[in-house]
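The values are calculated or read from the model by the stated rules, or taken from the named source; none is laboratory data. As the structure is a prediction and not an experimental result, all values here were calculated from the model. All Cβ positions, glycine included, derive from the backbone under ideal geometry; neighbour counts span all protein chains shown.
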Amino acid sequence: MKTHPLYPLTFRPQYRDHLWGGDAIATRYNRANTPRPCAESWEVSGLPGAESVVTNGPFEGIGLGTLTQTFGRDLVGAKAPHPEIFPLLTKILDVHDRLSVQVHPDAVTARALGGAPKHECWFLLDAAPRAKLWAGLQPDADLDALGDDALVAHPTQPGDVFDVPPGLVHAIGPGNLVYEVQQPSDTTLRVHDWGRGRPTQPEAARQAIKPALQTAPLRAKPTKRDLCPRLTTPDFALATLALTHGRTLHTTAQSLMILFCAEGKATLEHEGPHPITLLPGDSVLIPARQNISLHPLAPTRLLVTTL
């Protein structure tokens, strides 16, 4: 497989039909093969059993986990915690009904309970009027009865960014379309599920909860810069890139880059023979030590994730 150099990679989305989903992913991004309802689209994943499959170039049909094990840090970069484990998972969430009240473990709790640590962040692609989410506990919250009145409510608006570290109790309300960046983990501990009958793990969740943790929406500030950092954490960084003219980007030996087209249309040229067209909802993975050129065909906004 190493007989061919790495290049920017596109993938086949993977869909999840959780009961809280809707039809926004299908309608907004013109996808004909989604389930009904469609709650999640896993865009870039290396998780075993749920790894993304390449759809372009010489590596078409090969899973991202296999590529990561083959190329190691040439793909993921020096900042990745493990050279043979893809360090990120990106998703689109269409929240038509409330998500469960839940929490994710940190590394210490994950080792004790089983599973993997999960730090995530949310970028609000869209939010209906009066949409909200819940994140963090009220000062007098009872850990044995965590209804929505025990959580801190945050009204949402398009462009908001929320940092959701391990230990933060949270739930997302209806009317939110979310781009999620997270550590490569599918470990979720449900506190309760609004009486919908799905399994919950309240006792394990109490071990993972950090009651003092809070978060707040990070709203974009006016800037003349086209590349705007929005969130930087030890596990990942998220920025927005407003394209109105051609732009060159490069990745260093330190980190890969994932681009997600939030709106607009652009062409991505690279050292290989076939340019990539980015439409709303499209993702592309740029391995470490790559140079690319972006050319907007309409005003375009990209979300840029790095380590």
Q. Which members of the stretch 13-48 meet the condition of being surrounded by fewer than 14 Cβ atoms within 10 Å (Cβ to Cβ) and under 18 Å from the mean Cα position of the chain (by Cα)?
A. Asp17, Pro48
**Q.** Residue under evaluation Ser293, criteria (1) within 19 Å of Ala239 (Cα to Cα); (2) out of contact with any Lys or Arg (no Cβ under 6 Å at 6 or more places or on another chain); (3) crowded, with 18+ Cβ neighbours inside 10 Å, criterion not met
**A.** (3)
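Are any of the residues in the stretch 82-101 closer than 22 Å to Ile25 by Cβ, small (Gly, Ala, Ser) and either out of contact with any Leu (no Cβ under 7 Å at 6 or more places or on another chain) or not in a loop (DSSP other than H, G, I, E, B) (or both)?
Kept after step one, since they are closer than 22 Å to Ile25 by Cβ, are these residues of the stretch 82-101: 88-100.
Filter once more, so that each one left must be small (Gly, Ala, Ser): 100.
The next check asks that each one be either out of contact with any Leu (no Cβ under 7 Å at 6 or more places or on another chain) or not in a loop (DSSP other than H, G, I, E, B) (or both); those that pass are 100.
Yes, the stretch 82-101 contains at least one residue that is closer than 22 Å to Ile25 by Cβ, small (Gly, Ala, Ser) and either out of contact with any Leu (no Cβ under 7 Å at 6 or more places or on another chain) or not in a loop (DSSP other than H, G, I, E, B) (or both).
Does at least one position in the stretch 197-207 carry a residue that is touching a helix residue (DSSP H, G or I) at 6+ places or on another chain (Cβ under 8 Å), surrounded by fewer than 18 Cβ atoms within 10 Å (Cβ to Cβ) and modelled with pLDDT of 95 or more? Walk me through it before giving the result.
Within the stretch 197-207, the subset touching a helix residue (DSSP H, G or I) at 6+ places or on another chain (Cβ under 8 Å) is 204, 207.
From what is left, the residues that are surrounded by fewer than 18 Cβ atoms within 10 Å (Cβ to Cβ) are 207.
So of that shortlist, the ones also modelled with pLDDT of 95 or more come out as 207.
Yes, that holds for at least one residue.
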Q: Keeping to the stretch 59-83, report how many residues are buried (at least 20 other Cβ atoms within 10 Å of the Cβ), hydroxyl-bearing (Ser, Thr, Tyr) and in contact (Cβ under 8 Å) with a residue 24 or more places away in the chain.
A: 0
Q. Of (1) assigned by TED's automatic domain parsing to the domain that holds Gly72; (2) surrounded by fewer than 21 Cβ atoms within 10 Å (Cβ to Cβ); (3) within 28 Å of Thr70 (Cα to Cα), Pro5 satisfies all except one. Which?
A. (1)
(Q) Need pairs with beta-carbon distance below 6 Å; first residue within 27 Å of Thr306 (Cα to Cα) and within the stretch 180-193, second assigned to a strand (DSSP E or B) and of a type in the set (D, E, K, R); sequence gap 6+ or separate chains. (A) Glu180/Lys91; Glu180/Glu120; Gln182/Glu120
Q | Number of positions in the stretch 252-300 that are farther than 21 Å from Ile25 by Cα, hydroxyl-bearing (Ser, Thr, Tyr) and within 22 Å of the chain's Cα centre (by Cα) | A | 2
Q: With the condition kept exactly as written, say whether any residue in the stretch 215-222 is in contact with a strand residue (DSSP E or B) (Cβ under 7 Å, 6 or more places away or on another chain), outside the structural domain of Gln182 (by TED's automatic domain parsing) and modelled with pLDDT under 95.
A: yes
Q: Output the residues belonging to the stretch 131-143 that are surrounded by fewer than 18 Cβ atoms within 10 Å (Cβ to Cβ) and either in contact (Cβ under 8 Å) with a residue 60 or more places away in the chain or β-branched (Val, Ile, Thr) (or both).
A: Leu143
Q: Quickly run through the stretch 102-130 and pick out the residues that are of a type in the set (Asp, Glu), part of a loop (DSSP other than H, G, I, E, B) and surrounded by 20 or more Cβ atoms within 10 Å (Cβ to Cβ).
A: none
Q. Is there a residue being out of contact with any His (no Cβ under 8 Å at 6 or more places or on another chain), more than 20 Å from Ile92 (Cα to Cα) and surrounded by fewer than 20 Cβ atoms within 10 Å (Cβ to Cβ) anywhere in the stretch 263-270?
A. yes
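Looking only at the stretch 2-36, count every residue that is part of a strand (DSSP E or B) and either touching a His at 6+ places or on another chain (Cβ under 8 Å) or within 21 Å of Thr277 (Cα to Cα) (or both) and tell me the total. Lay out the reasoning, then the answer.
First, pick out the residues of the stretch 2-36 that are part of a strand (DSSP E or B): 9, 11, 14-16, 22.
Still in the list and also either touching a His at 6+ places or on another chain (Cβ under 8 Å) or within 21 Å of Thr277 (Cα to Cα) (or both): 9, 11, 14, 22.
Adding up the residues that qualify gives 4.
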